[in-house]
Amino acid sequence: QVQLVESGGGLVQPGGSLRLACAASGSIFSINYMGWYRQAPGKQRELVAAITSDGSTNYADSVRGRFTISRDNAKNTVYLQMNSLKPEDTAVYYCNAHAVPAGDRRAYTYWGQGTQVTVSS
């Protein structure tokens, strides 16, 4: 099994920055894709940013230019640097990974428990 543990959420003022981290652990053969999603109250979960094992990235239009996703393959960790935060960025942020467990041939989708990000003055 693969476990994802997020860290780095919190309360920040508009215009501020936060850095989220998500570490994958367990019996892992490979991780193809890691990403961050978010869900605000009353809204559907949406993709924020994603990164493949070779470093290709994808961003939601609402965060492009403000957020940066990066990955440390040796540590099985993905980061989300969030700058110029806005109140509308307030949400629970979830880490997501598409990974192949050790001894398996299939890739499965895994989710972290979520971390709250609140942008408010």
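The values are calculated or read from the model by the stated rules, or taken from the named source; none is laboratory data. Keep in mind it's a predicted model, so treat the numbers as computed, not measured. Cβ atoms come from the backbone with ideal geometry, glycine included; neighbour counts cover every protein chain shown. For the accessible areas, the whole protein counts, side chains as well, though only heavy atoms, and no ligand, DNA or RNA atoms are used. Shrake-Rupley method; radii C 1.70, N 1.55, O 1.52, S 1.80 Å.
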5 Å-binned pair-distance histogram of segment 7-71 (Cα, whole percent): 3, 14, 21, 26, 20, 9, 5, 1
Sulfur and carbon atoms: percent of accessible area, segment 34-121 [1.4 Å]: 44
Within the chain: Cβ-based charge dipole about Cα centre, in debye rounded to nearest 20 (Lys, Arg +1; Asp, Glu -1): 20
Per-residue ³J(HN,Hα) for segment 12-23, Karplus 6.51 cos²θ - 1.76 cosθ + 1.60, θ = phi - 60°, Hz, x for Gly and Pro: 9, 7, x, x, x, 10, 9, 10, 9, 10, 9, 9
Gain on full stretching of the segment that runs from Lys43 to Arg64 - 0.36 nm per residue minus C-alpha separation: 5.6 nm
Phe29, Phe67, reordered so the largest accessible area comes first (probe 1.4 Å): Phe29, Phe67
Antiparallel content of DSSP bridges confined to the chain, in %, to 5: 90
Rounded accessible area of Thr52 (nearest 10 Å², 1.4 Å probe): 50
Tail fraction, Cα-Cα pairs, the chain, threshold 26 Å, whole percent: 18
Leading residue at positive end of dipole, segment 56-107 (Cβ point charges), from Ala107, Ala60, Met82: Ala107
Shape category assigned to segment 35-97 from the gyration tensor of Cα positions, a/c cut at 1.5: prolate
Where the chain is the region considered: accessible area per residue in Å², 1.4 Å probe: 52
